[in-house]
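Beneath this line is the structure, given in structure tokens, with notes to follow.
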Amino acid sequence: FQYLKRFDQGCDLDKFWYEALSVEGSPAECLQLFLLHCGVVDPSWAELRNFTWFLNIQLRDCEASVFCNPDFVQDTLNGF
């Protein structure tokens, strides 16, 4: 949710890191963003769960990768 919210606001995601245990927005806002970005017109709960699970894994791996660390790559992979 934190990434999708900032993406919609046009923020630079290259320097953002997930803040564990941080609460942002309401459950309704969270669900609205998931529905907007999941890519299915009328998703089931299972499709929403799979979307959030896959997105979470991808973002966690991205944060763990040295190639996505702006301090390491500096401006060589800007926007990657």
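The values are calculated or read from the model by the stated rules, or taken from the named source; none is laboratory data. Predicted model only: the values in this text are computed from it and were never measured. With ideal geometry, Cβ positions are generated from the backbone for all residues, glycine too; neighbour counts draw on all protein chains shown. For the accessible areas, the whole protein counts, side chains as well, though only heavy atoms, and no ligand, DNA or RNA atoms are used. Shrake-Rupley method; radii C 1.70, N 1.55, O 1.52, S 1.80 Å.
Of note:
- Candidates are the residues of the range 29-45 that are of a type in the set (A, V, I, L, M, F, W, C) and either open to solvent by less than 70 Å² (accessible area, probe 1.4 Å) or more than 17 Å from the chain's Cα centre (by Cα) (or both); the one that is farthest from Glu63 (Cα to Cα) is Val41.
Per-residue answers, yes or no, for (1) surrounded by 11 or more Cβ atoms within 10 Å (Cβ to Cβ); (2) modelled with pLDDT under 95; (3) hydroxyl-bearing (Ser, Thr, Tyr); (4) not in a loop (DSSP other than H, G, I, E, B):
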residue	(1), (2), (3), (4)
Arg6	yes, yes, no, yes
Leu21	no, yes, no, no
Glu47	yes, no, no, yes
Trp53	no, no, no, yes
Leu59	yes, yes, no, yes
Glu63	yes, yes, no, yes
Asp71	no, yes, no, yes
Leu77	yes, yes, no, no
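- Residues in the range 23-45 that are assigned to a loop (DSSP other than H, G, I, E, B) and under 12 Å from Gln2 (Cα atoms): Val23, Glu24, Gly25, Ser26.
- A count restricted to the range 8-19 and to residues that are in a loop (DSSP other than H, G, I, E, B) and touching a residue at least 40 places away in the same chain (Cβ under 8 Å) stands at 2.
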